[in-house]
1. Select from the stretch B:1-34 the residues that are within 14 Å of chain A (Cβ to nearest Cβ) and under 20 Å from B:Thr129 (Cα atoms) and write down the one among them that is most open to solvent (accessible area, probe 1.4 Å).
2. Any residue in the stretch B:231-242 that is facing chain A (nearest Cβ under 7 Å) sitting within a Cβ distance under 6 Å of a residue that is open to solvent by 10 Å² or more (accessible area, probe 1.4 Å) and of a type in the set (D, E, K, R)? List the pairs, counting only those 6 or more apart or interchain.
3. Could you check, for the stretch B:52-65, whether at least one of its residues is touching a strand residue (DSSP E or B) at 6+ places or on another chain (Cβ under 9 Å), more than 14 Å from every other protein chain (Cβ to nearest Cβ) and among the β-branched types (Val, Ile, Thr)?
4. So is A:Met225 more than 19 Å from the chain's Cα centre (by Cα), surrounded by fewer than 22 Cβ atoms within 10 Å (Cβ to Cβ), at pLDDT 95 or above and not acidic (Asp, Glu) or not?
5. Among A:Val253, A:Val233, A:Val264, which is under 26 Å from B:Gln44 (Cα atoms), away from every other protein chain (no Cβ under 14 Å) and assigned to a helix (DSSP H, G or I)?
6. Only residues that are in a helix (DSSP H, G or I) and in contact with a Ser or Thr (Cβ under 6 Å, 6 or more places away or on another chain): list them for the stretch B:245-271, please.
Amino acid sequence: MDLTVTIGGMKFKNPLWAASGTFGCGKEFVDFLDLSEVGAIVAKTVTLNPREGNSTPRVVETPSGMLNSIGLENKGVEHFAAEVLPEMKRYGTRVIASISGFSRQEFVECARVLSGKSTPDAIEINLSCPNVRHGHTKCLLMAQDPKATKEVIRAVKKRAKAPIIAKLTPNVTDIAEIARAAKDAGADAISLVNTYFGMAIDPLTMRPLLGNVVGGLSGPAIRPMAVKAVWEVYKKVKVAIIGIGGIMNGLDVAEFMIAGANAVQIGTTNLVEPGAMTRILREYKEYLKKMKISSARNIVGRLKTGG
Amino acid sequence: MGKKTDEICDVASNKKIAEDHFILEITAPKIAKNAVPGQFVSVQVREERATDPLIRIPLGIYRIKGKKLSLLYKVVGRGTRMLSEKKKGKKVRVLGPLGNGFMTGAPGGKEKAVVVAGGHGVAPLVSLTEKLIKDGKRVVFLIGARTKKHVVCDAELRKAGARVCVSTEDGTRGKKGYVTELLKEYLKTTESKEKKAQGVTIYACGPKPMLEEVSRIAKERKMKAQVSLDAYMVCGIGACLGCAVKTTTGYKMVCKDGPVFGSEEIVWKER
């Protein structure tokens with residue numbers, strides 16, 4: 001069975017990647033799985049300058065999901081490039097850096113730092129963290145504005161040595177429009193979706209359950225919406241898609257790929273079952289075998305509609 | 001730090017010990033082998049293929065006995081209620097051991113420890129007390145509960161050799177009021193008797209306002225205190241950065257850097 005996928009001209013051993021912010025920098029998970037079995041690890045998002053993160057509580061449970069407002073806590077891109085990335089590159093799998101910024105310049109600076117001595121296999125551009133405010137656009141998030149998306153991607157593409165992936169927010173009217181803007185600006189692939197805006201309130205205290213009041217919703221609760229977002233983009237834009245949103249088992253992986261994803265990322269599930277990726281990969285292989293599909297690539301976009 | 005395992009465990013028993021309070025005993029050979037007092041585990045309440053409740057429950061380790069682990073918990077919401085319904089023969093997925101235990105110093109010496117438990121915060125303090133006594137320390141154990149029905153573990157702590165004092169908020173047992181009042185009262189007598197409370201270490205676990213008060217009391221008297229914190233938590237292994245607590249050196253994670261912290265490290269009023 002051939003599980004390999006090629007995205008942005010780069011070959012990955014399988015289409016199951018660990019999503020940014022849910023897998024630390026990998027080392028937190030070594031007791032639970034063989035990191036070399038993971039298709040790729042997308043590291044926690046870094047920014048140009050270190051960030052302390054949002055006030056607490058930062059996480060709260062919701063029906064079949066969770067809200068978070070971590071606020072991009074990180075030690076900065078320089079620290080990541082010097083201290084974290086070289087170690088991650090020893091895990092025997094692809095390493096994808098994730099960067100965010102508050103202006104186009106900050107994204108470009110991050111890409112520059114990541115084009116030095118130790119470079120990641122790809123860079124995911126987080127245009128869509130719901131928990132920080134971006135400048136440079138009238139919208140709350142970069143990825144809510146096709147123009148801002150285009151400018152950032154174009155600028156990073158010029159600077160980066162590695163393939164780039166634009167991570168988009170689902171909190172838009174037309175996700176395909178944003179995906180097209182990212183593709184036209186040079187993105188090698190699109191990851192969708194980041195979390196949905198949400199909030200939760202304690203009726204007894206009348207206070208929000210998150211310190212930041214609002215946060216991002218993830219987990220199986222968002223899966224149907226995420227699958228739909230993938231399908232929308234697959235229909236309208238010719239670009240590699242990495243599907244994300246509440247994947248908990250092998251059939252969920254298949255669902256995203258049938259909708260048009262070339263690969264997927266496992267996120268929240270890592271946080272509630274640290275060994276999950278090994279199990280999900282096994283289940284996905286069992287599914288392909290049962291369906292007599294010899295290559296993971298052959299199910300991409302095979303949604304049957306009508307008659 | 002010992003290896004962590006996500007272990008599928010048999011429920012050996014799950015007994016109600018007081019109103020809303022339960023002790024869950026599980027067979028968890030891999031976790032039990034590596035666990036020390038003060039560490040915790042994260043328990044999956046949902047069935048394997050279910051999606052709700054999605055997030056696990058972090059519970060302090062109450063006892064480590066051979067291949068078995070006991071967890072003492074209070075039913076406070078939907079997750080813990082579902083946990084209380086898991087009968088013998090059921091399986092539960094448990095992740096651990098997580099976090100760092102209490103620092104108990106070198107065995108021997110005649111030092112004294114004051115252990116302060118608020119409500120079900122008693123859970124990780126019982127095995128700590130047994131260790132302290134085994135190490136030759138004298139332990140005074142102060143239990144605070146809302147009402148007499150919620151006072152747990154007092155008999156076994158006495159049996160282990162600790163001096164136990166109880167307070168309840170409604171005055172139905174022991175001194176009426178918060179356990180921190182009991183602590184202040186106790187330290188007053190110690191100070192007058194021994195002229196120095198500084199040689200005494202405080203260990204505490206309970207609700208945040210209680211720990212804040214314990215921390216203030218310790219600071220006032222220049223005493224050392226170790227507090228075990230509770231927090232909204234998801235991964236338990238330092239990956240999600242969800243269970244942040246503000247410290248004098250920035251945010252730290254309760255799951256990975258704690259749950260036990262030196263009380264002087266914690267910035268209690270974040271907002």
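1. Filtering the stretch B:1-34 down to residues within 14 Å of chain A (Cβ to nearest Cβ) leaves B:1-8, B:30-31, B:33-34.
After this cut, where a residue has to be under 20 Å from B:Thr129 (Cα atoms) as well, the list is B:33-34.
Details: B:Lys33: 168, B:Asn34: 48 Å².
If we take residues in the stretch B:1-34 being within 14 Å of chain A (Cβ to nearest Cβ) and under 20 Å from B:Thr129 (Cα atoms), then B:Lys33 is most open to solvent (accessible area, probe 1.4 Å).
2. That search, which allows pairs on different chains as well, returns B:Ile237/A:Glu28; B:Gly238/A:Glu28; B:Gly238/B:Lys256; B:Ala239/A:Glu28; B:Leu241/A:Glu73.
3. Within the stretch B:52-65, the first condition is being touching a strand residue (DSSP E or B) at 6+ places or on another chain (Cβ under 9 Å), and the residues that meet it are B:52-65.
With the extra rule that they be more than 14 Å from every other protein chain (Cβ to nearest Cβ), the set shrinks to B:59-65.
With the extra rule that they be among the β-branched types (Val, Ile, Thr), the set shrinks to B:61, B:64.
Looking through the stretch B:52-65, at least one residue is touching a strand residue (DSSP E or B) at 6+ places or on another chain (Cβ under 9 Å), more than 14 Å from every other protein chain (Cβ to nearest Cβ) and among the β-branched types (Val, Ile, Thr).
4. It is false that A:Met225 is more than 19 Å from the chain's Cα centre (by Cα), surrounded by fewer than 22 Cβ atoms within 10 Å (Cβ to Cβ), at pLDDT 95 or above and not acidic (Asp, Glu).
5. Working: A:Val233 fails: under 26 Å from B:Gln44 (Cα atoms); A:Val264 fails: assigned to a helix (DSSP H, G or I).
The match here is A:Val253.
6. Taking the stretch B:245-271 as the starting set, the residues that turn out to be in a helix (DSSP H, G or I) are B:254-257, B:263-265.
Result: B:Ser263, B:Glu265.
Table: residues versus (1) within 14 Å of chain B (Cβ to nearest Cβ); (2) crowded, with 21+ Cβ neighbours inside 10 Å; (3) touching a Leu at 6+ places or on another chain (Cβ under 8 Å).
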{"residue": "A:Thr268", "(1), (2), (3)": "yes, yes, yes"}
{"residue": "A:Lys285", "(1), (2), (3)": "no, no, yes"}
{"residue": "A:Lys290", "(1), (2), (3)": "no, no, no"}
{"residue": "A:Arg302", "(1), (2), (3)": "no, no, no"}
{"residue": "A:Gly306", "(1), (2), (3)": "no, no, no"}
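Residue by residue, here is whether (1) over 28 Å from B:Ala50 (Cβ atoms); (2) buried (at least 23 other Cβ atoms within 10 Å of the Cβ); (3) among the polar types (S, T, N, Q); (4) touching a residue at least 40 places away in the same chain (Cβ under 8 Å) holds:
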residue: A:Ala43; (1), (2), (3), (4): yes, yes, no, yes
residue: A:Ser55; (1), (2), (3), (4): yes, no, yes, yes
residue: A:Glu87; (1), (2), (3), (4): yes, no, no, yes
residue: A:Ser98; (1), (2), (3), (4): yes, yes, yes, yes
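The values are calculated or read from the model by the stated rules, or taken from the named source; none is laboratory data. Worth saying up front: this structure is predicted, and the values here are computed from it rather than measured. All Cβ positions, even for glycine, are placed from backbone atoms using ideal geometry, and neighbour counts span all protein chains on display. Note: areas computed on protein heavy atoms with side chains; ligands, DNA, RNA excluded. Shrake-Rupley method; radii C 1.70, N 1.55, O 1.52, S 1.80 Å.
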